[in-house]
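First the structure, in the form of C-alpha coordinates, and then the observations on it.
The values are calculated or read from the model by the stated rules, or taken from the named source; none is laboratory data. Every value quoted in this text rests on a predicted model; they were computed, and no experiment measured them. All Cβ positions, even for glycine, are placed from backbone atoms using ideal geometry, and neighbour counts span all protein chains on display.
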(Lines give C-alpha, C1' and ligand atoms only; values in the text may rest on other atoms or scores of the structure.)
Protein backbone atom coordinates (compact mmCIF):
# COMPACT_ATOMS: atom_id res chain seq x y z
CA UNK A 1 0.00 0.00 0.00
CA UNK A 2 1.36 3.37 -1.06
CA UNK A 3 4.91 2.06 -1.42
CA UNK A 4 5.22 1.59 2.34
CA UNK A 5 7.58 -1.13 3.51
CA UNK A 6 5.80 -4.41 4.26
CA UNK A 7 5.42 -3.97 8.03
CA UNK A 8 3.88 -0.50 7.63
CA UNK A 9 1.66 -1.71 4.84
CA UNK A 10 0.33 -4.31 7.24
CA UNK A 11 -0.26 -1.78 10.03
CA UNK A 12 -1.75 0.74 7.61
CA UNK A 13 -4.17 -1.97 6.42
CA UNK A 14 -5.09 -2.63 10.03
CA UNK A 15 -6.02 1.04 10.54
CA UNK A 16 -7.82 1.13 7.22
CA UNK A 17 -9.89 -1.83 8.35
CA UNK A 18 -11.16 -0.20 11.54
CA UNK A 19 -11.63 3.44 10.52
CA UNK A 20 -15.17 2.83 9.32
CA UNK A 21 -16.03 0.77 12.40
CA UNK A 22 -14.90 3.62 14.62
CA UNK A 23 -17.12 6.21 12.98
CA UNK A 24 -20.16 7.14 15.08
CA UNK A 25 -23.18 4.89 14.78
CA UNK A 26 -25.63 6.00 12.13
CA UNK A 27 -27.35 9.12 13.48
CA UNK A 28 -30.63 9.01 11.57
CA UNK A 29 -31.36 12.75 11.79
CA UNK A 30 -27.86 13.78 10.72
CA UNK A 31 -26.76 10.84 8.57
CA UNK A 32 -25.23 13.21 6.02
CA UNK A 33 -22.65 14.37 8.57
CA UNK A 34 -21.52 10.81 9.28
CA UNK A 35 -21.37 10.21 5.54
CA UNK A 36 -19.22 13.33 5.13
CA UNK A 37 -16.91 12.12 7.91
CA UNK A 38 -16.57 8.78 6.12
CA UNK A 39 -15.92 10.44 2.74
CA UNK A 40 -12.93 12.35 4.07
CA UNK A 41 -11.63 9.74 6.48
CA UNK A 42 -11.57 6.88 4.01
CA UNK A 43 -10.13 8.98 1.23
CA UNK A 44 -6.90 7.04 0.87
CA UNK A 45 -4.41 8.75 3.15
CA UNK A 46 -0.94 7.29 3.67
CA UNK A 47 -1.80 6.54 7.35
CA UNK A 48 1.74 7.39 8.42
CA UNK A 49 0.58 9.00 11.69
CA UNK A 50 -1.49 6.07 12.99
CA UNK A 51 1.30 3.69 11.96
CA UNK A 52 3.62 5.85 14.06
CA UNK A 53 1.23 5.42 16.99
CA UNK A 54 1.24 1.65 16.61
CA UNK A 55 5.00 1.34 16.18
CA UNK A 56 5.55 3.56 19.23
CA UNK A 57 3.26 1.35 21.30
CA UNK A 58 5.20 -1.69 20.10
CA UNK A 59 8.49 -0.05 21.03
CA UNK A 60 7.08 0.44 24.51
CA UNK A 61 6.07 -3.19 24.77
CA UNK A 62 2.43 -3.36 23.70
CA UNK A 63 0.95 -4.77 20.53
CA UNK A 64 -0.28 -2.52 17.74
CA UNK A 65 -3.76 -4.00 18.15
CA UNK A 66 -3.93 -2.55 21.67
CA UNK A 67 -3.90 1.04 20.42
CA UNK A 68 -6.18 0.85 17.42
CA UNK A 69 -8.68 3.35 18.84
CA UNK A 70 -5.88 5.84 19.44
CA UNK A 71 -4.51 5.23 15.95
CA UNK A 72 -7.94 5.91 14.47
CA UNK A 73 -8.30 9.01 16.67
CA UNK A 74 -5.02 10.34 15.28
CA UNK A 75 -6.21 9.86 11.71
CA UNK A 76 -9.50 11.60 12.57
CA UNK A 77 -7.68 14.62 14.01
CA UNK A 78 -5.51 14.70 10.88
CA UNK A 79 -8.54 14.46 8.59
CA UNK A 80 -10.31 17.19 10.55
CA UNK A 81 -7.36 19.51 9.94
CA UNK A 82 -7.32 18.70 6.21
CA UNK A 83 -11.04 19.51 5.88
CA UNK A 84 -10.53 22.87 7.60
CA UNK A 85 -7.38 23.68 5.60
CA UNK A 86 -9.30 23.19 2.35
CA UNK A 87 -12.16 25.58 3.24
CA UNK A 88 -12.74 28.59 0.97
CA UNK A 89 -11.74 30.92 3.83
CA UNK A 90 -8.45 29.01 4.30
CA UNK A 91 -6.54 27.45 1.36
CA UNK A 92 -9.63 27.37 -0.87
CA UNK A 93 -8.65 23.98 -2.28
CA UNK A 94 -11.06 22.06 -4.46
CA UNK A 95 -9.20 18.76 -4.63
CA UNK A 96 -7.86 16.60 -1.81
CA UNK A 97 -6.36 13.15 -2.09
CA UNK A 98 -7.41 13.19 -5.74
CA UNK A 99 -11.13 13.66 -4.96
CA UNK A 100 -13.26 16.81 -4.65
CA UNK A 101 -12.51 18.49 -1.30
CA UNK A 102 -15.24 17.86 1.26
CA UNK A 103 -16.65 21.39 1.12
CA UNK A 104 -17.05 20.96 -2.65
CA UNK A 105 -18.66 17.56 -2.21
CA UNK A 106 -21.18 18.38 0.56
CA UNK A 107 -21.08 22.17 0.96
CA UNK A 108 -19.24 24.31 3.42
CA UNK A 109 -21.54 24.04 6.42
CA UNK A 110 -21.63 20.24 6.40
CA UNK A 111 -17.86 20.16 5.88
CA UNK A 112 -17.23 22.37 8.93
CA UNK A 113 -19.60 20.26 11.03
CA UNK A 114 -18.02 17.00 9.83
CA UNK A 115 -14.59 18.32 10.80
CA UNK A 116 -15.78 19.14 14.32
CA UNK A 117 -17.56 15.83 14.59
CA UNK A 118 -14.33 14.03 13.63
CA UNK A 119 -12.45 15.89 16.33
CA UNK A 120 -15.15 15.06 18.87
CA UNK A 121 -15.11 11.42 17.83
CA UNK A 122 -11.33 11.35 18.25
CA UNK A 123 -11.70 12.41 21.88
CA UNK A 124 -14.44 9.83 22.35
CA UNK A 125 -12.05 7.13 21.12
CA UNK A 126 -9.36 8.41 23.48
CA UNK A 127 -11.91 8.15 26.28
CA UNK A 128 -12.26 4.50 25.31
CA UNK A 129 -8.49 4.00 25.53
CA UNK A 130 -8.42 5.54 29.01
CA UNK A 131 -10.88 2.89 30.19
CA UNK A 132 -9.35 0.02 28.18
CA UNK A 133 -5.84 0.68 29.50
CA UNK A 134 -7.08 1.56 33.00
CA UNK A 135 -4.93 4.67 33.02
CA UNK A 136 -4.04 6.41 36.25
CA UNK A 137 -5.45 9.93 36.74
CA UNK A 138 -2.06 11.39 35.81
CA UNK A 139 -1.73 9.27 32.66
CA UNK A 140 -5.36 9.83 31.61
CA UNK A 141 -4.94 13.54 32.13
CA UNK A 142 -1.73 13.54 30.07
CA UNK A 143 -3.38 11.73 27.16
CA UNK A 144 -6.26 14.21 26.96
CA UNK A 145 -4.03 17.23 27.59
CA UNK A 146 -1.52 16.18 24.93
CA UNK A 147 -4.27 15.67 22.35
CA UNK A 148 -5.93 18.98 23.22
CA UNK A 149 -2.66 20.93 23.13
CA UNK A 150 -1.76 19.33 19.81
CA UNK A 151 -5.00 20.62 18.31
CA UNK A 152 -5.13 23.98 20.06
CA UNK A 153 -3.50 27.34 19.57
CA UNK A 154 -0.09 26.13 20.76
CA UNK A 155 -0.30 23.36 18.15
CA UNK A 156 -2.04 22.79 14.84
CA UNK A 157 -4.43 25.74 15.12
CA UNK A 158 -1.61 28.19 15.76
CA UNK A 159 0.39 26.72 12.89
CA UNK A 160 -2.51 26.96 10.47
CA UNK A 161 -3.20 30.56 11.50
CA UNK A 162 0.40 31.60 10.91
CA UNK A 163 0.40 29.68 7.62
CA UNK A 164 -2.52 31.86 6.49
CA UNK A 165 -0.80 34.96 7.84
CA UNK A 166 2.91 34.51 7.08
CA UNK A 167 5.15 37.26 8.38
CA UNK A 168 7.72 36.97 5.62
CA UNK A 169 9.78 34.35 3.84
CA UNK A 170 11.73 33.75 6.97
CA UNK A 171 13.08 30.39 7.91
CA UNK A 172 11.87 30.75 11.49
CA UNK A 173 8.31 31.44 10.36
CA UNK A 174 8.31 28.39 8.14
CA UNK A 175 9.78 26.31 10.90
CA UNK A 176 7.08 27.53 13.29
CA UNK A 177 4.35 26.71 10.78
CA UNK A 178 5.63 23.23 10.01
CA UNK A 179 6.48 22.29 13.56
CA UNK A 180 3.01 23.38 14.68
CA UNK A 181 0.87 22.21 11.76
CA UNK A 182 2.68 18.95 11.16
CA UNK A 183 5.17 18.39 13.97
CA UNK A 184 2.57 18.63 16.75
CA UNK A 185 0.51 15.77 15.38
CA UNK A 186 3.58 13.62 14.67
CA UNK A 187 4.63 14.12 18.30
CA UNK A 188 1.14 13.28 19.56
CA UNK A 189 0.96 10.20 17.34
CA UNK A 190 4.15 8.86 18.79
CA UNK A 191 3.80 9.83 22.45
CA UNK A 192 0.18 8.68 22.59
CA UNK A 193 1.18 5.18 21.54
CA UNK A 194 3.91 5.16 24.17
CA UNK A 195 1.72 6.59 26.94
CA UNK A 196 -1.02 4.04 26.35
CA UNK A 197 1.62 1.34 26.48
CA UNK A 198 2.56 2.59 29.94
CA UNK A 199 5.99 3.84 28.88
CA UNK A 200 7.96 5.85 31.39
CA UNK A 201 8.62 9.49 30.66
CA UNK A 202 12.19 9.00 29.41
CA UNK A 203 10.84 6.79 26.61
CA UNK A 204 8.03 9.24 25.87
CA UNK A 205 10.62 12.02 25.62
CA UNK A 206 12.83 10.07 23.19
CA UNK A 207 9.83 9.37 20.99
CA UNK A 208 8.72 13.00 21.13
CA UNK A 209 12.15 14.11 19.95
CA UNK A 210 12.14 11.48 17.19
CA UNK A 211 8.66 12.49 16.02
CA UNK A 212 9.37 16.20 16.13
CA UNK A 213 12.27 15.90 13.72
CA UNK A 214 10.48 13.33 11.60
CA UNK A 215 7.44 15.60 11.26
CA UNK A 216 9.52 18.52 10.09
CA UNK A 217 11.36 16.28 7.62
CA UNK A 218 8.02 14.94 6.38
CA UNK A 219 6.74 18.45 5.71
CA UNK A 220 9.90 19.53 3.91
CA UNK A 221 9.67 16.45 1.68
CA UNK A 222 6.04 17.43 1.07
CA UNK A 223 7.25 20.83 -0.10
CA UNK A 224 9.82 19.21 -2.38
CA UNK A 225 7.25 16.81 -3.87
CA UNK A 226 4.84 19.72 -4.27
CA UNK A 227 7.42 21.67 -6.24
CA UNK A 228 8.20 18.77 -8.53
CA UNK A 229 4.74 17.48 -9.33
CA UNK A 230 1.74 18.96 -11.07
CA UNK A 231 -1.12 19.58 -8.60
CA UNK A 232 -3.32 16.97 -10.28
CA UNK A 233 -0.76 14.23 -9.73
CA UNK A 234 -0.23 15.35 -6.14
CA UNK A 235 -3.97 15.15 -5.55
CA UNK A 236 -4.42 18.65 -4.17
CA UNK A 237 -4.66 22.27 -5.26
CA UNK A 238 -5.63 25.59 -3.64
CA UNK A 239 -3.31 27.96 -1.82
CA UNK A 240 -1.32 24.90 -0.81
CA UNK A 241 -0.24 24.47 -4.43
CA UNK A 242 2.52 26.29 -6.31
CA UNK A 243 3.08 29.90 -5.26
CA UNK A 244 2.94 29.24 -1.54
CA UNK A 245 5.95 30.09 0.61
CA UNK A 246 7.66 26.77 1.32
CA UNK A 247 11.07 25.42 2.21
CA UNK A 248 11.70 24.94 -1.49
CA UNK A 249 10.78 28.52 -2.43
CA UNK A 250 13.00 29.73 0.40
CA UNK A 251 16.14 27.58 0.21
CA UNK A 252 15.65 25.55 -2.99
CA UNK A 253 15.16 21.84 -3.65
CA UNK A 254 18.66 20.66 -2.96
CA UNK A 255 19.08 22.40 0.38
CA UNK A 256 15.56 21.31 1.37
CA UNK A 257 16.41 17.67 0.72
CA UNK A 258 19.64 18.11 2.66
CA UNK A 259 17.84 19.63 5.65
CA UNK A 260 15.25 16.83 5.57
CA UNK A 261 18.07 14.28 5.49
CA UNK A 262 19.74 15.89 8.49
CA UNK A 263 16.46 15.93 10.39
CA UNK A 264 15.87 12.24 9.77
CA UNK A 265 19.40 11.44 10.94
CA UNK A 266 18.76 13.49 14.10
CA UNK A 267 15.42 11.77 14.55
CA UNK A 268 17.01 8.34 14.40
CA UNK A 269 19.67 9.36 16.93
CA UNK A 270 16.87 9.88 19.49
CA UNK A 271 16.08 6.19 19.19
CA UNK A 272 19.63 4.99 19.71
CA UNK A 273 18.94 3.89 23.33
CA UNK A 274 16.49 1.30 21.97
CA UNK A 275 18.95 -0.36 19.61
CA UNK A 276 17.46 -2.94 17.26
CA UNK A 277 13.99 -2.57 18.83
CA UNK A 278 13.69 0.76 17.04
CA UNK A 279 14.49 -0.70 13.61
CA UNK A 280 10.95 -0.34 12.31
CA UNK A 281 10.58 3.25 13.45
CA UNK A 282 13.89 3.96 11.74
CA UNK A 283 12.70 2.47 8.47
CA UNK A 284 9.51 4.53 8.78
CA UNK A 285 11.81 7.54 8.93
CA UNK A 286 13.65 6.35 5.84
CA UNK A 287 10.36 5.89 4.04
CA UNK A 288 9.31 9.44 4.93
CA UNK A 289 12.38 10.84 3.24
CA UNK A 290 12.39 8.55 0.23
CA UNK A 291 8.68 8.52 -0.57
CA UNK A 292 7.46 9.70 -3.95
CA UNK A 293 4.02 10.96 -2.79
CA UNK B 1 -25.68 40.37 36.79
CA UNK B 2 -28.19 39.84 33.96
CA UNK B 3 -31.16 39.65 36.33
CA UNK B 4 -29.98 36.35 37.75
CA UNK B 5 -30.97 35.62 41.35
CA UNK B 6 -28.26 36.53 43.85
CA UNK B 7 -26.67 33.08 44.23
CA UNK B 8 -26.37 32.65 40.47
CA UNK B 9 -25.06 36.14 40.05
CA UNK B 10 -22.33 35.25 42.51
CA UNK B 11 -21.44 32.01 40.69
CA UNK B 12 -21.65 33.70 37.30
CA UNK B 13 -19.22 36.35 38.57
CA UNK B 14 -16.91 33.55 39.70
CA UNK B 15 -16.86 32.06 36.18
CA UNK B 16 -16.48 35.50 34.65
CA UNK B 17 -13.44 36.07 36.83
CA UNK B 18 -11.58 32.97 35.67
CA UNK B 19 -12.49 32.74 31.98
CA UNK B 20 -9.60 34.97 30.96
CA UNK B 21 -7.17 33.13 33.24
CA UNK B 22 -8.14 29.86 31.64
CA UNK B 23 -7.42 31.01 28.10
CA UNK B 24 -4.19 29.59 26.66
CA UNK B 25 -1.01 31.45 27.51
CA UNK B 26 -0.09 34.09 24.99
CA UNK B 27 1.13 32.24 21.89
CA UNK B 28 3.38 34.88 20.34
CA UNK B 29 3.13 33.58 16.76
CA UNK B 30 -0.65 33.25 16.86
CA UNK B 31 -1.65 35.92 19.37
CA UNK B 32 -4.58 36.97 17.18
CA UNK B 33 -6.25 33.59 17.68
CA UNK B 34 -6.06 33.89 21.46
CA UNK B 35 -7.41 37.43 21.15
CA UNK B 36 -10.31 36.15 19.04
CA UNK B 37 -11.04 33.46 21.64
CA UNK B 38 -11.11 36.15 24.33
CA UNK B 39 -13.35 38.43 22.26
CA UNK B 40 -16.06 35.80 21.95
CA UNK B 41 -15.63 34.19 25.34
CA UNK B 42 -15.84 37.38 27.33
CA UNK B 43 -18.68 38.77 25.29
CA UNK B 44 -21.18 38.95 28.13
CA UNK B 45 -23.01 35.63 28.05
CA UNK B 46 -25.51 34.74 30.76
CA UNK B 47 -23.24 31.93 32.01
CA UNK B 48 -26.23 29.72 32.80
CA UNK B 49 -24.44 26.54 31.71
CA UNK B 50 -21.34 26.93 33.90
CA UNK B 51 -23.57 27.94 36.81
CA UNK B 52 -25.45 24.70 36.23
CA UNK B 53 -22.13 22.84 36.44
CA UNK B 54 -21.28 24.51 39.74
CA UNK B 55 -24.70 24.00 41.30
CA UNK B 56 -24.68 20.35 40.24
CA UNK B 57 -21.29 19.85 41.89
CA UNK B 58 -22.66 21.48 45.04
CA UNK B 59 -25.69 19.21 45.00
CA UNK B 60 -23.29 16.27 44.88
CA UNK B 61 -21.33 17.59 47.84
CA UNK B 62 -18.42 19.56 46.38
CA UNK B 63 -17.90 23.29 46.36
CA UNK B 64 -18.42 25.33 43.22
CA UNK B 65 -14.78 26.41 43.37
CA UNK B 66 -13.72 22.78 42.87
CA UNK B 67 -15.15 22.62 39.35
CA UNK B 68 -14.16 26.00 37.96
CA UNK B 69 -12.08 24.51 35.14
CA UNK B 70 -15.00 22.37 34.08
CA UNK B 71 -17.34 25.36 34.28
CA UNK B 72 -15.00 27.37 32.06
CA UNK B 73 -14.70 24.40 29.67
CA UNK B 74 -18.49 24.31 29.34
CA UNK B 75 -18.60 28.01 28.48
CA UNK B 76 -15.81 27.48 25.92
CA UNK B 77 -17.71 24.67 24.22
CA UNK B 78 -20.80 26.88 24.18
CA UNK B 79 -18.87 29.83 22.73
CA UNK B 80 -17.32 27.56 20.10
CA UNK B 81 -20.79 26.55 18.96
CA UNK B 82 -21.96 30.18 18.79
CA UNK B 83 -18.98 31.17 16.63
CA UNK B 84 -19.73 28.33 14.21
CA UNK B 85 -23.48 29.04 14.16
CA UNK B 86 -22.79 32.62 13.10
CA UNK B 87 -20.54 31.74 10.13
CA UNK B 88 -21.63 32.87 6.67
CA UNK B 89 -22.10 29.23 5.63
CA UNK B 90 -24.36 28.61 8.64
CA UNK B 91 -26.72 31.28 10.04
CA UNK B 92 -24.77 34.13 8.44
CA UNK B 93 -25.25 36.33 11.51
CA UNK B 94 -23.38 39.60 11.83
CA UNK B 95 -24.23 40.41 15.43
CA UNK B 96 -23.84 38.26 18.55
CA UNK B 97 -24.38 39.34 22.13
CA UNK B 98 -24.76 42.90 20.85
CA UNK B 99 -21.28 42.99 19.23
CA UNK B 100 -20.11 42.17 15.71
CA UNK B 101 -20.00 38.39 15.29
CA UNK B 102 -16.47 37.00 15.48
CA UNK B 103 -16.19 36.27 11.75
CA UNK B 104 -17.09 39.90 11.08
CA UNK B 105 -14.59 41.12 13.65
CA UNK B 106 -11.55 39.01 12.69
CA UNK B 107 -12.50 37.31 9.41
CA UNK B 108 -13.83 33.86 8.75
CA UNK B 109 -10.59 31.87 8.88
CA UNK B 110 -9.51 33.23 12.25
CA UNK B 111 -13.05 32.72 13.57
CA UNK B 112 -13.08 29.05 12.56
CA UNK B 113 -9.63 28.54 14.09
CA UNK B 114 -10.62 30.33 17.31
CA UNK B 115 -13.69 28.09 17.63
CA UNK B 116 -11.53 25.04 17.10
CA UNK B 117 -8.98 26.32 19.65
CA UNK B 118 -11.74 26.96 22.23
CA UNK B 119 -12.93 23.40 21.87
CA UNK B 120 -9.38 22.11 22.26
CA UNK B 121 -8.84 24.30 25.31
CA UNK B 122 -12.04 22.95 26.84
CA UNK B 123 -10.66 19.41 26.64
CA UNK B 124 -7.37 20.61 28.07
CA UNK B 125 -9.22 22.02 31.07
CA UNK B 126 -11.11 18.75 31.47
CA UNK B 127 -7.73 16.99 31.46
CA UNK B 128 -6.82 19.25 34.38
CA UNK B 129 -9.97 18.24 36.26
CA UNK B 130 -9.17 14.54 35.74
CA UNK B 131 -5.83 15.05 37.50
CA UNK B 132 -7.18 17.46 40.16
CA UNK B 133 -10.00 15.11 41.16
CA UNK B 134 -7.85 11.99 40.76
CA UNK B 135 -10.59 10.32 38.77
CA UNK B 136 -10.66 6.56 38.32
CA UNK B 137 -10.17 5.27 34.75
CA UNK B 138 -13.91 4.70 34.46
CA UNK B 139 -14.80 8.18 35.72
CA UNK B 140 -12.09 9.90 33.63
CA UNK B 141 -13.26 8.02 30.57
CA UNK B 142 -16.88 9.03 31.24
CA UNK B 143 -15.98 12.71 31.57
CA UNK B 144 -14.13 12.78 28.24
CA UNK B 145 -16.69 10.58 26.48
CA UNK B 146 -19.63 12.68 27.69
CA UNK B 147 -17.98 15.90 26.53
CA UNK B 148 -17.05 14.39 23.16
CA UNK B 149 -20.53 12.94 22.58
CA UNK B 150 -22.10 16.26 23.53
CA UNK B 151 -20.10 18.03 20.82
CA UNK B 152 -20.25 15.29 18.18
CA UNK B 153 -22.76 14.14 15.64
CA UNK B 154 -25.05 12.59 18.27
CA UNK B 155 -25.08 15.96 20.06
CA UNK B 156 -24.58 19.59 19.12
CA UNK B 157 -23.12 18.96 15.67
CA UNK B 158 -26.06 16.77 14.66
CA UNK B 159 -28.51 19.34 16.02
CA UNK B 160 -26.86 22.18 14.15
CA UNK B 161 -26.82 20.20 10.91
CA UNK B 162 -30.53 19.41 11.14
CA UNK B 163 -31.22 23.04 12.06
CA UNK B 164 -29.61 24.07 8.78
CA UNK B 165 -31.46 21.31 6.95
CA UNK B 166 -34.92 21.17 8.52
CA UNK B 167 -37.18 18.44 7.18
CA UNK B 168 -40.40 20.36 7.69
CA UNK B 169 -42.18 22.33 10.37
CA UNK B 170 -42.64 19.19 12.36
CA UNK B 171 -42.61 19.19 16.10
CA UNK B 172 -40.31 16.16 16.23
CA UNK B 173 -37.74 17.87 14.04
CA UNK B 174 -37.75 20.94 16.26
CA UNK B 175 -37.49 18.79 19.32
CA UNK B 176 -34.55 16.92 17.81
CA UNK B 177 -32.81 20.17 16.95
CA UNK B 178 -33.31 21.75 20.35
CA UNK B 179 -32.53 18.65 22.36
CA UNK B 180 -29.31 18.20 20.39
CA UNK B 181 -28.15 21.78 19.96
CA UNK B 182 -29.12 23.00 23.41
CA UNK B 183 -30.18 20.00 25.49
CA UNK B 184 -26.91 18.09 25.00
CA UNK B 185 -24.82 20.87 26.50
CA UNK B 186 -27.24 21.45 29.37
CA UNK B 187 -27.00 17.74 30.18
CA UNK B 188 -23.20 17.80 29.97
CA UNK B 189 -23.03 20.94 32.13
CA UNK B 190 -24.98 19.26 34.87
CA UNK B 191 -23.61 15.71 34.74
CA UNK B 192 -20.02 16.95 34.48
CA UNK B 193 -20.37 18.85 37.75
CA UNK B 194 -21.83 15.77 39.40
CA UNK B 195 -19.26 13.35 38.01
CA UNK B 196 -16.34 15.49 39.13
CA UNK B 197 -17.94 15.63 42.57
CA UNK B 198 -17.84 11.84 42.61
CA UNK B 199 -21.62 11.45 42.49
CA UNK B 200 -23.00 7.97 42.01
CA UNK B 201 -24.82 7.18 38.80
CA UNK B 202 -28.34 7.55 40.23
CA UNK B 203 -27.56 11.19 41.05
CA UNK B 204 -25.97 11.74 37.64
CA UNK B 205 -29.11 10.30 36.03
CA UNK B 206 -31.47 12.59 38.00
CA UNK B 207 -29.40 15.61 37.00
CA UNK B 208 -29.32 14.51 33.36
CA UNK B 209 -33.09 14.29 33.34
CA UNK B 210 -33.39 17.69 35.03
CA UNK B 211 -30.98 19.30 32.57
CA UNK B 212 -32.55 17.71 29.51
CA UNK B 213 -35.95 19.24 30.26
CA UNK B 214 -34.44 22.50 31.41
CA UNK B 215 -32.44 22.82 28.18
CA UNK B 216 -35.50 22.30 26.02
CA UNK B 217 -37.45 24.84 28.10
CA UNK B 218 -34.56 27.29 27.79
CA UNK B 219 -34.58 27.00 24.01
CA UNK B 220 -38.35 27.43 23.76
CA UNK B 221 -38.15 30.57 25.90
CA UNK B 222 -35.38 31.73 23.55
CA UNK B 223 -37.78 31.27 20.64
CA UNK B 224 -40.48 33.22 22.49
CA UNK B 225 -38.09 36.07 23.33
CA UNK B 226 -36.84 36.06 19.76
CA UNK B 227 -40.39 36.47 18.45
CA UNK B 228 -41.14 39.35 20.80
CA UNK B 229 -38.00 41.42 20.49
CA UNK B 230 -36.33 43.24 17.63
CA UNK B 231 -33.03 41.57 16.69
CA UNK B 232 -31.02 44.59 17.79
CA UNK B 233 -32.39 44.39 21.32
CA UNK B 234 -31.85 40.63 21.40
CA UNK B 235 -28.24 41.15 20.36
CA UNK B 236 -28.28 38.79 17.38
CA UNK B 237 -29.44 38.54 13.79
CA UNK B 238 -28.85 36.22 10.85
CA UNK B 239 -30.89 33.14 9.99
CA UNK B 240 -31.48 32.77 13.71
CA UNK B 241 -33.65 35.88 13.61
CA UNK B 242 -37.28 36.19 12.51
CA UNK B 243 -38.32 33.83 9.71
CA UNK B 244 -36.66 30.79 11.18
CA UNK B 245 -38.78 27.75 12.02
CA UNK B 246 -39.19 27.82 15.79
CA UNK B 247 -41.54 26.59 18.45
CA UNK B 248 -43.34 29.92 18.22
CA UNK B 249 -43.79 29.77 14.45
CA UNK B 250 -45.06 26.21 14.85
CA UNK B 251 -47.37 26.30 17.86
CA UNK B 252 -47.59 30.00 18.76
CA UNK B 253 -46.40 32.02 21.75
CA UNK B 254 -48.98 30.89 24.27
CA UNK B 255 -48.58 27.16 23.65
CA UNK B 256 -44.81 27.57 23.60
CA UNK B 257 -44.84 29.22 27.02
CA UNK B 258 -47.15 26.48 28.27
CA UNK B 259 -44.84 23.74 26.97
CA UNK B 260 -41.82 25.46 28.53
CA UNK B 261 -43.69 25.69 31.83
CA UNK B 262 -44.52 21.99 31.72
CA UNK B 263 -40.90 21.11 30.94
CA UNK B 264 -39.62 23.12 33.89
CA UNK B 265 -42.13 21.41 36.18
CA UNK B 266 -40.98 18.03 34.88
CA UNK B 267 -37.37 19.10 35.33
CA UNK B 268 -37.93 20.00 38.96
CA UNK B 269 -39.65 16.67 39.61
CA UNK B 270 -36.36 14.93 38.74
CA UNK B 271 -34.78 16.69 41.69
CA UNK B 272 -37.45 15.69 44.20
CA UNK B 273 -35.21 13.02 45.81
CA UNK B 274 -32.84 15.78 46.93
CA UNK B 275 -35.47 17.85 48.75
CA UNK B 276 -34.31 21.24 49.93
CA UNK B 277 -30.74 20.61 48.74
CA UNK B 278 -32.01 21.14 45.20
CA UNK B 279 -33.57 24.53 45.97
CA UNK B 280 -30.98 26.50 44.03
CA UNK B 281 -31.18 24.33 40.94
CA UNK B 282 -34.96 24.76 41.11
CA UNK B 283 -34.68 28.51 41.21
CA UNK B 284 -32.25 28.38 38.28
CA UNK B 285 -35.05 26.58 36.45
CA UNK B 286 -37.51 29.30 37.45
CA UNK B 287 -35.10 31.95 36.21
CA UNK B 288 -34.76 30.18 32.87
CA UNK B 289 -38.48 30.41 32.29
CA UNK B 290 -38.98 33.91 33.62
CA UNK B 291 -35.94 35.62 32.11
CA UNK B 292 -36.39 38.55 29.78
CA UNK B 293 -33.22 38.02 27.70
Give the range A:138-162 a look and list any residue that's assigned to a loop (DSSP other than H, G, I, E, B) and more than 19 Å from residue B:152 (Cα to Cα), or say none.
A:153, A:154, A:155
Within the range B:162-174, count every residue that is over 12 Å from residue B:246 (Cβ atoms) and either more than 8 Å from every other protein chain (Cβ to nearest Cβ) or touching a strand residue (DSSP E or B) at 6+ places or on another chain (Cβ under 7 Å) (or both).
4
Which members of the range A:84-116 meet the condition of being without any contact (Cβ under 8 Å) to a residue 12 or more places away in the chain and either out of contact with any strand residue (DSSP E or B) (no Cβ under 9 Å at 6 or more places or on another chain) or closer than 24 Å to residue B:149 by Cα (or both)?
A:89, A:100, A:107, A:109
Which of the numbered conditions does residue B:184 fail, given that it passes all the others? Conditions: (1) within 22 Å of residue B:47 (Cα to Cα); (2) within 7 Å of chain A (Cβ to nearest Cβ).
(2)
Residues of the range A:88-137 classified as within 7 Å of chain B (Cβ to nearest Cβ) and outside any helix (DSSP H, G or I), total:
4
Does residue B:243 satisfy the criteria of being over 24 Å from residue B:40 (Cβ atoms), more than 14 Å from every other protein chain (Cβ to nearest Cβ) and at pLDDT below 90?
yes
Does at least one position in the range A:226-239 carry a residue that is over 19 Å from the mean Cα position of the chain (by Cα), surrounded by fewer than 18 Cβ atoms within 10 Å (Cβ to Cβ), within 14 Å of chain B (Cβ to nearest Cβ) and closer than 28 Å to residue A:94 by Cβ?
yes
Does residue A:35 count as surrounded by fewer than 18 Cβ atoms within 10 Å (Cβ to Cβ) and away from chain B (no Cβ under 14 Å)?
no
Has the range B:195-213 got any residue that is within 14 Å of chain A (Cβ to nearest Cβ), farther than 24 Å from residue B:290 by Cβ and buried (at least 20 other Cβ atoms within 10 Å of the Cβ)?
yes
Does the range A:66-79 contain at least one residue that is farther than 16 Å from residue A:128 by Cα and either without any contact (Cβ under 8 Å) to a residue 24 or more places away in the chain or surrounded by fewer than 21 Cβ atoms within 10 Å (Cβ to Cβ) (or both)?
no
Among (1) within 14 Å of the chain's Cα centre (by Cα); (2) within 10 Å of another protein chain (Cβ to nearest Cβ), where does residue B:15 come up short?
(2)
Please go through (1) outside any loop (DSSP other than H, G, I, E, B); (2) in contact with a helix residue (DSSP H, G or I) (Cβ under 9 Å, 6 or more places away or on another chain) for residue B:16 and return the number of the only condition it doesn't satisfy.
(2)
Could you please give the count of residues in the range B:250-293 that are without any contact (Cβ under 8 Å) to a residue 60 or more places away in the chain and either closer than 15 Å to residue B:211 by Cα or under 21 Å from the mean Cα position of the chain (by Cα) (or both)?
18
Output the residues belonging to the range A:196-219 that are free of Cβ contacts under 8 Å to residues at least 60 places away in the same chain and either closer than 15 Å to residue A:55 by Cα or part of a helix (DSSP H, G or I) (or both).
A:201, A:202, A:204, A:205, A:208, A:212, A:213, A:215, A:216, A:219
Kindly indicate whether residue B:49 is part of a helix (DSSP H, G or I) and either more than 16 Å from residue B:126 (Cα to Cα) or in contact with a strand residue (DSSP E or B) (Cβ under 8 Å, 6 or more places away or on another chain) (or both).
no
Hits in the range A:138-161 (condition: at the interface with another protein chain (Cβ under 7 Å from one of its Cβ atoms) and more than 19 Å from residue B:23 (Cβ to Cβ)):
A:138, A:140, A:141
